[in-house]
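Only one structure is covered here, and it is reproduced in the block below.
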Amino acid sequence: MSDAASSPMLEIRHVTKRFGELSAVKDVNLTINKGEIFALLGGSGCGKTTLLRMMSGFETPTEGAVLIDGEDVSNVPPYKRQVNMMFQSYALFPHMTVEQNVAFGLKQDKLSKAEINSQVQAMLALVHMTDYAKRKPQQLSGGQRQRVALARSLAKKPKVLLLDEPMAALDKKLRSQMQLELVDIVESVGVTCVMVTHDQEEAMSMANRVSIMHEGQIMQIGSPSEIYEFPNSRHTAEFIGSVNMFDASVKHVGTEASLMSCTDLDSVMAVEGGVNALEGARVGVAIRPEKVIMSRSQPQQTQNWAKGSVEDIAYLGGHSVYHVRLASGKIVMATTTNVDRHEQRLTWHDEVYLHWSASSSVVLYQ
Amino acid sequence: MSKLGARSIIAVPYLWLLLFFLVPFIIVLKISFAEMQYAIPPYTDLVAWVDEGLTINLNLGNYAYLINDDLYARAYLSSVRIAFLATVCALLVGYPIAYAIARADSATRNALLMLVMLPSWTSFLIRIYAWVGILKNNGLINNSLMSVGIIDQPIAMLNTEFAVYLGIVYAYLPFMVLPIYTNLVKLDNSLLEASADLGCPPWKTFLTITLPLSKAGIIAGSMLVFIPSVGEFVIPEMLGGAETLMIGKVLWQEFFNNRDWPVASAVAIVMLLLLLVPITFFHRYQSRELEA
Amino acid sequence: MQTGKLSTWSKTFLSVGFFFLYAPILILVIFSFNKSELVTVWAGFSFKWYGELFRDPQMLGAAWISLKIALLAASTSVVLGTMASIVMVRMGTFKGKTAFSSMITAPLVMPEVITGLSLLLLFVAMGQSLGWPGERGILTIWIAHVTFCTAFVAVVVSSRLQELDESIEEAAQDLGAPPWKVFFLVTLPIIAPALMSGWLLAFTLSLDDLVIASFVSGPGSTTLPMQVFSSVRMGISPQINALATLVILAATIAVFIAWWIAQRSLKQTTHISK
């Protein structure tokens with residue numbers, strides 16, 4: 001990916017799609033590089049599927065252009081694009097065998113029988129389905145169908161592979177295994193890949209870059225860790241993982257650290273670095289639950305702490321999530337790892353001090 | 001899909017139906033305003049060149065005739081009455097059958113459904129004809145009742161309104177069962193379980209859950225029986241005898257026996273107006289089925 | 001709905017229902033083998049009415065005409081009906097769609113006397129002003145039958161088309177097949193069983209039609225139902241029972257074949273469409 005990273009394979013330029021009165025996609029700009037695995041992440045109705053369908057050619061943009069490998073394909077029908085899609089339902093042809101399914105796209109290119117045959121065999125070997133070549137789709141399990149669908153969409157060596165909710169049709173246990181395997185296959189082929197999903201775990205574990213979509217717009221683009229650690233909006237922070245959100249007003253803007261006041265806390269609130277706001281401005285401060293530390297005694301620090309009582313505990317095996325009610329009534333979540341089996345854990349109604357470091361929180365302006 | 005291809009796929013069936021389904025009604029409407037004449041064709045033109053001027057002869061005489069002769073009013077009324085009562089009977093017979101089939105397991109279900117539909121794949125005429133042999137005075141029922149000695153005079157069954165009801169229910173039963181079944185089979189069983197769980201006895205669950213949710217099927221089935229029955233010709237002709245007055249038979253006689261095309265057209269137009277509401281009703285249900 | 005053992009109530013309803021549906025047909029079949037002229041008194045087993053049926057040139061001629069019309073009408077209406085259902089299910093909305101869907105559903109319930117009369121008047125008007133069709137006969141019956149059979153085929157095919165996952169067709173396009181090729185390589189093979197049952201339905205409807213054919217037929221094009229109708233009007237005839245038995249036999253075989261095909265394809269595709 002390193003040397004190819006600079007050259008774009010798929011470009012979305014000022015694309016808007018309207019269905020009657022409704023704008024499904026609003027002035028979206030995206031550049032996806034060669035060999036990248038890119039995820040469009042968002043809730044239902046955020047426009048991610050419409051955007052994907054414009055990449056595949058099933059929808060044409062109302063405004064703007066879709067470029068593949070530098071060529072404007074906005075009005076090119078799907079059957080003339082070098083883009084192939086793996087459908088959410090897999091959409092295998094029920095009246096054809098596994099082999100015939102994989103060969104279908106190659107036959108449309110009028111390749112010779114020998115070429116088709118060798119490519120089909122190579123694809124089936126790639127997804128470990130050689131033994132099932134003569135089966136019909138309805139004789140396969142969910143995971144096997146996904147492999148066939150993947151082989152079918154890779155067979156034509158597309159410039160871009162599109163994955164529409166690739167794991168949605170699988171049960172939960174199979175998902176994590178297939179996620180890794182799918183990434184391995186896609187990377188071994190080296191194809192540029194765009195996936196659409198509503199599942200943040202799926203996007204984070206599979207993609208190199210993730211874009212968060214909301215109401216037809218792209219809110220943030222970045223690597224999974226950037227998006228998790230440095231969300232740029234309340235929406236992104238709340239959409240990815242869980243977060244504690246505080247309303248605060250800016251008290252002092254410094255270069256090393258800035259101070260704010262927050263009525264929920266028993267102390268002043270400090271964040272690392274400067275703040276892009278005037279003193280007195282209202283901002284949001286987000287802190288991930290795993291960055292909140294709980295203790296029975298009052299912490300040494302004079303900033304970023306509050307006192308509360310344990311309201312609820314969700315025991316999740318490896319870790320537990322505590323819901324702590326502050327004096328202001330606000331509930332703050334804190335995660336602890338269950339390291340020791342016999343430790344004296346905090347329990348319901350225990351008095352507890354919460355604190356965190358200035359580098360853990362993120363200031364959000366919108 | 002390419003614009004041209006899409007348009008031609010729409011155009012072919014569209015034009016066919018326009019020409020052979022819609023245009024004919026306009027012609028019927030036109031001829032219903034014409035006068036009968038002994039010529040070929042046996043009706044006058046509405047638009048004619050008289051004294052070098054275009055004149056339009058709108059003749060309302062046929063409609064006046066339908067109003068003045070109470071035969072027509074009686075025929076319309078009794079057609080609607082017979083069709084309505086027969087539809088109710090078909091519903092009472094058909095609903096339990098549809099319900100029973102929907103409750104069977106899926107393998108049995110398909111077999112039972114096929115058994116219900118099978119008779120309608122054999123000739124309609126022949127099935128009605130079968131009842132003639134059963135119902136007539138020296139027919140199967142009367143003969144067996146008399147030979148056993150329950151009666152000594154044959155009961156008149158053929159050529160009565162009763163026979164027409166029987167014929168309609170018999171011939172149209174599958175059309176009642178099928179839409180109700182399609183509706184019932186989609187009914188989520190957990191709704192019935194939830195109702196039972198909340199303390200509702202089975203009969204009440206049926207009345208408050210099953211019946212309202214199968215309303216669409218009941219309407220569709222009833223329309224499929226009622227609308228064609230109003231204009232039915234074969235059944236009243238073969239089973240109803242001279243006494244049973246139905247408008248389909250009147251139209252037939254007006255056309256084939258009296259050769260009065262304009263009056264027959266007027267009869268058809270009035271029948272169509274009468275059926276407009278139920279047809280619209282049926283269309284609304286059916287197009288939802290077709291597109292959803 | 002709940003699937004399971006049938007209750008006593010259900011069994012009773014079904015038995016009474018099926019008795020009502022099948023008893024008259026059974027009686028018809030039994031008496032077709034009756035030696036006696038009287039249709040209601042059993043006088044011994046005989047095939048004589050079948051012999052007479054096959055020596056009746058009018059019956060045979062009418063049967064031949066009816067078969068020809070039914071074959072033609074069924075095949076045409078499968079093509080038109082399939083196009084119509086694609087328009088209804090897959091084309092989205094367009095100007096005049098409501099009118100289109102009304103013209104598809106109305107023939108399902110339209111009283112036959114109205115359809116028959118209106119088509120006849122159309123043919124007469126066209127004959128007068130265009131000189132075509134010159135005379136009424138097989139051609140006009142064919143047109144009339146196609147018109148109402150198309151509606152029935154459209155209903156059967158539409159319901160199958162709705163079950164078909166649209167992304168299967170999209171996948172074919174995505175893999176490089178233009179729309180017309182998608183239809184022939186993917187859609188058509190998958191909905192073929194529905195086309196089969198649509199064809200069979202249209203065939204029997206055409207074969208069965210008395211009223212519409214009576215209006216639009218001309219001299220020399222008497223169909224089988226017309227022939228049967230005129231002979232039963234004269235009174236009951238055991239020859240008709242023999243004919244009825246043959247029709248029932250043919251229909252039963254056809255329906256069983258269609259059912260078997262449908263069951264088989266159902267087993268093949270239920271996994272996929274769900």
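Please treat every number below as a calculation from the coordinates, not as lab data. Since the structure is predicted, the reported quantities are computational estimates derived from the model, not experimental observations. Note: ideal-geometry Cβ built from the backbone for every residue, glycine included; neighbour counts use all protein chains shown.
Our helix-only sum for the protein assembly as shown, with -39,500 (n - 2.57) per DSSP H run of n ≥ 4 divided by its residues, gives a mean residue ellipticity at 222 nm of -17000 deg cm²/dmol. The loop-placed GluC sites (Glu not before Pro) in segment A:237-337, going by DSSP, that have at most 16 neighbouring Cβ atoms within 10 Å of their Cβ come out as A:Glu256, A:Glu279. Of all DSSP beta bridges confined to the protein assembly as shown, the antiparallel ones make up roughly 75%.
Calculated translational diffusion coefficient of segment A:242-364 (20 °C, 1.002 mPa s; Stokes-Einstein with Kirkwood radius over alpha-carbon pairs) equals 144 µm²/s. Label-to-label distance, B:Leu29 versus C:Met234, with points set 7 angstrom from Cα along the beta-carbon direction: 4.4 nm. Taking the Cα centre of the protein assembly as shown as origin and assigning +1 to Lys and Arg Cβ atoms and -1 to Asp and Glu Cβ atoms, the resulting dipole is close to 1780 debye. Peptide C:13-26 has a mean shielding of 6, counted as Cβ atoms of other protein chains within 10 Å of each residue's Cβ. Per-residue Cβ neighbour counts within 10 Å put C:Ser10, B:Ser229, A:Ser205 in the sequence A:Ser205, C:Ser10, B:Ser229, beginning with the fewest. Inter-chain Cβ neighbour count for C:86-96, averaged per residue, equals 3 (cutoff 10 Å, partner chain atoms only). Within the protein assembly as shown, the percentage of alpha carbon pairs spaced more than 52 angstrom apart rounds to 38%. Compared with the dominant principal axis of the Cα atoms in chain A, helix A:142-154 is inclined by about 60°. Cβ crowding within 10 Å, taken as a proxy for footprinting-reagent exposure, orders A:Asp350, C:Asp174, A:Asp164 from fewest neighbours to most as A:Asp350, A:Asp164, C:Asp174. Shown for B:Met176, A:Met9, C:Met126: other C-beta atoms within 10 Å of each C-beta, ranked fewest to most, produce the order C:Met126, A:Met9, B:Met176. Here chain B is scanned for trypsin sites (Lys or Arg not before Pro) in DSSP loops (not H, G, I, E, B) that have at most 15 other Cβ atoms within 10 Å, and the longest stretch holding none of them is B:1-185.
Distance from the alpha carbon centroid of segment C:56-98 to that of segment B:52-122 works out to 23 angstrom.
Which part of segment A:52-67 falls in the paramagnetic zone of A:His14, meaning amide N under 14 Å from the point 7 Å along Cα-to-beta-carbon? Answer for this model: A:62-66. On the principal axes of its alpha-carbon atoms, chain C has extents of 70, 64, 30 Å, going from largest to smallest. Mind checking which aspartates and glutamates have their Cα closer than 14 Å to the Cα of A:Lys107? Skip sequence neighbours fewer than 8 apart in that chain. Partners found: A:Glu99, A:Glu115, C:Asp174.
Which of the three applies to segment B:62-291, rounded, prolate or oblate, going by the alpha-carbon gyration tensor with a ≥ b ≥ c and a/c under 1.5 meaning rounded? Oblate, because a/c is 1.5 or more while a/b does not exceed b/c. The angle separating the long axis of helix A:113-126 from the principal Cα axis of greatest extent in chain A is about 30 degrees.
Could you name the lysines whose alpha carbon sits less than 19 Å from that of B:Lys215, not counting residues in the same chain fewer than 8 places away? Leaving aside lysines fewer than 8 places away in the same chain, those within reach of B:Lys215 are B:Lys186, B:Lys204. Here the simple spin-label model places points 7 Å from the Cα toward Cβ, and for A:Glu215 and A:Glu71 these points are separated by 3.8 nm. Rg of the Cα atoms in segment A:8-237, relative to 2.2 N^0.38 Å, amounts to 1.01. Using the alpha-carbon positions of segment C:1-108, Rg (one decimal) and Dmax (whole number) come out as 23.5, 66 Å.
Computed extension gain for A:Lys80 through A:Tyr315, at 0.36 nm per residue and net of the alpha carbon distance, reaches 79.3 nm. Extension gain for the segment A:Glu279 to A:Tyr365, taken as residue separation times 0.36 nm less the Cα-Cα distance, is 29.6 nm to one decimal.
Compare the Cα positions of C:Tyr22, C:Gly96, C:Ser36 along the charge dipole of segment C:1-111 (+1 at Cβ of Lys, Arg; -1 at Cβ of Asp, Glu; about the Cα centre) and return the one farthest towards the positive end. The residue sitting farthest along the positive end of the dipole is C:Gly96.
Cross-link check: pairs C:Lys35/C:Lys68; A:Lys80/C:Lys181; A:Lys80/C:Lys97; A:Lys80/A:Lys157 evaluated at a Cα-Cα cut-off of 24 Å; pairs beyond the cut-off: C:Lys35/C:Lys68; A:Lys80/C:Lys97. Straight-line cross-link reach from A:Lys172 at under 26 Å between alpha-carbon atoms covers these lysines, not counting any fewer than eight positions away in the same chain: A:Lys48, A:Lys136, C:Lys274.
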